[in-house]
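The values are calculated or read from the model by the stated rules, or taken from the named source; none is laboratory data. What you are looking at is a predicted structure, and each value in this text was computed from that prediction instead of being measured. Every residue, glycine among them, receives a Cβ derived from its backbone with ideal geometry; neighbour counts consider all protein chains shown.
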């Protein structure tokens, strides 16, 4: 019998060779169990003796926590941890870890790609040519990018990278983040403003905040009504940060000009989701973080978090550090 049991609850890759390599290099005697769980109930009988969980999307609820008799760490394949009940984990003394820096380059670049595509009307022009036409695209000429403003809601690692890249393109940058000091924003060349002000003044509003009770439906009917009729909304955070029903109404009524979404409230969307039928909306399938390099880093660093805890060390990134009364210096 192995010394430790590590359960991978769900994952989209065909194998877990990279994770297994990290465990082997550590010298720890680990039994690695791979699941394909789609609901918390799928986990109950299997995770009871797990020393660690590695989680992609399945929800780790309070009830799942009750079944964890010896778990020391839950390591998330990603940045957001909204699928993990942090309060329940903290109550049970379980560390919750993430990989906060694996896709800063990718998601910030994807955001800028959305801005450029929306600004230059790339998809509209593509469809125009594919339909056998040339020149004279309906809708008028786009605005010069350097005369426009991007508003970034959430100035974490990715939001700050977007600010730097947007500044290089000549865009004026506004930022909203109640947890970022004004001096820090100014050092990035970002004017820190309230959310309403950001919505009113921005030509592109891009979302980079975590999903919490505070940010769920952060952008709804009232917020969309504040935006310019010529403005675009970009969601790179989590689907539920935006009220999709309100977004549909805003896009069909001309309250805003368009949107670009890498995330949705329901993933994958229902085939009859009305958003899928709109021409003023660009989708990517939650792939903004996706490169060969980011994927390898994600898999190895998720395993590193587990290894550190099982070796009696603190991992690099602990989400519920304060709740567990761990020293900030650690």
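Here segment 239-264 is the region considered, the condition is being surrounded by fewer than 20 Cβ atoms within 10 Å (Cβ to Cβ) and part of a loop (DSSP other than H, G, I, E, B), and the residue that is nearest to the chain's Cα centre (by Cα) is 257.
Results for (1) free of Cβ contacts under 8 Å to residues at least 60 places away in the same chain; (2) surrounded by 16 or more Cβ atoms within 10 Å (Cβ to Cβ), shown as yes or no for each residue.
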residue: 173; (1), (2): yes, yes
residue: 178; (1), (2): yes, no
residue: 182; (1), (2): yes, no
residue: 191; (1), (2): yes, yes
residue: 197; (1), (2): yes, no
residue: 203; (1), (2): no, yes
residue: 210; (1), (2): no, yes
residue: 217; (1), (2): yes, no
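Looking across segment 41-64 at every residue that is in contact with a strand residue (DSSP E or B) (Cβ under 6 Å, 6 or more places away or on another chain) and at pLDDT below 95, the one that is nearest to residue 11 (Cα to Cα) is identified as 47. Among the residues of segment 89-108, the ones that are buried (at least 17 other Cβ atoms within 10 Å of the Cβ) and part of a helix (DSSP H, G or I) come to 6 in all. Within this structure, residue 173 passes the test of being modelled with pLDDT of 95 or more, in contact with a strand residue (DSSP E or B) (Cβ under 7 Å, 6 or more places away or on another chain), outside the structural domain of residue 79 (by TED's automatic domain parsing) and not in a helix (DSSP H, G or I). Checking 138, 163, 127, 185 one by one, the residue that is more than 19 Å from residue 289 (Cβ to Cβ), modelled with pLDDT of 95 or more, out of contact with any helix residue (DSSP H, G or I) (no Cβ under 6 Å at 6 or more places or on another chain) and not assigned by TED's automatic domain parsing to the domain that holds residue 80 is 185 and no other. Right, residue 199: over 19 Å from the mean Cα position of the chain (by Cα), in the same structural domain as residue 109 (by TED's automatic domain parsing) and not in a helix (DSSP H, G or I) or not? No; evaluated as a whole, the condition is false for this residue. When the residues of segment 141-155 are narrowed to those that are assigned to a loop (DSSP other than H, G, I, E, B) and surrounded by fewer than 18 Cβ atoms within 10 Å (Cβ to Cβ), which ends up modelled with the lowest pLDDT? The selected residue is 141. Could you tell me whether residue 312 is touching a residue at least 12 places away in the same chain (Cβ under 8 Å) and either assigned by TED's automatic domain parsing to the domain that holds residue 119 or more than 16 Å from the chain's Cα centre (by Cα) (or both)? No. Being assigned to a loop (DSSP other than H, G, I, E, B) and either without any contact (Cβ under 8 Å) to a residue 24 or more places away in the chain or within 19 Å of the chain's Cα centre (by Cα) (or both) is a property that residue 294 lacks.
Checked against the criterion of being closer than 22 Å to residue 321 by Cβ, exposed (fewer than 15 other Cβ atoms within 10 Å of the Cβ) and outside the structural domain of residue 154 (by TED's automatic domain parsing), the candidates 62, 38, 76 yield just one match: 62.
Taking the criterion of being more than 22 Å from residue 229 (Cβ to Cβ) and within 19 Å of the chain's Cα centre (by Cα), the residues of segment 134-163 that qualify are 154, 155, 156, 157, 158, 159, 160, 161, 162, 163. Only one of the listed residues (129, 205) is closer than 25 Å to residue 280 by Cα and in a helix (DSSP H, G or I). That residue is 129. Determine whether segment 277-286 contains at least one residue that is touching a helix residue (DSSP H, G or I) at 6+ places or on another chain (Cβ under 8 Å) and crowded, with 20+ Cβ neighbours inside 10 Å. No, there is no match, as no residue in segment 277-286 is touching a helix residue (DSSP H, G or I) at 6+ places or on another chain (Cβ under 8 Å) and crowded, with 20+ Cβ neighbours inside 10 Å. Evaluation of residue 276 against the conditions (1) touching a residue at least 12 places away in the same chain (Cβ under 8 Å); (2) outside the structural domain of residue 78 (by TED's automatic domain parsing) shows that the sole unmet condition is (1). If you go through segment 231-254 and keep only what is in contact (Cβ under 8 Å) with a residue 40 or more places away in the chain and within 17 Å of residue 198 (Cβ to Cβ), you end up with 232, 234, 236, 237.
No other residue among 155, 95, 145 is more than 27 Å from residue 292 (Cα to Cα) and without any contact (Cβ under 8 Å) to a residue 60 or more places away in the chain apart from 145.
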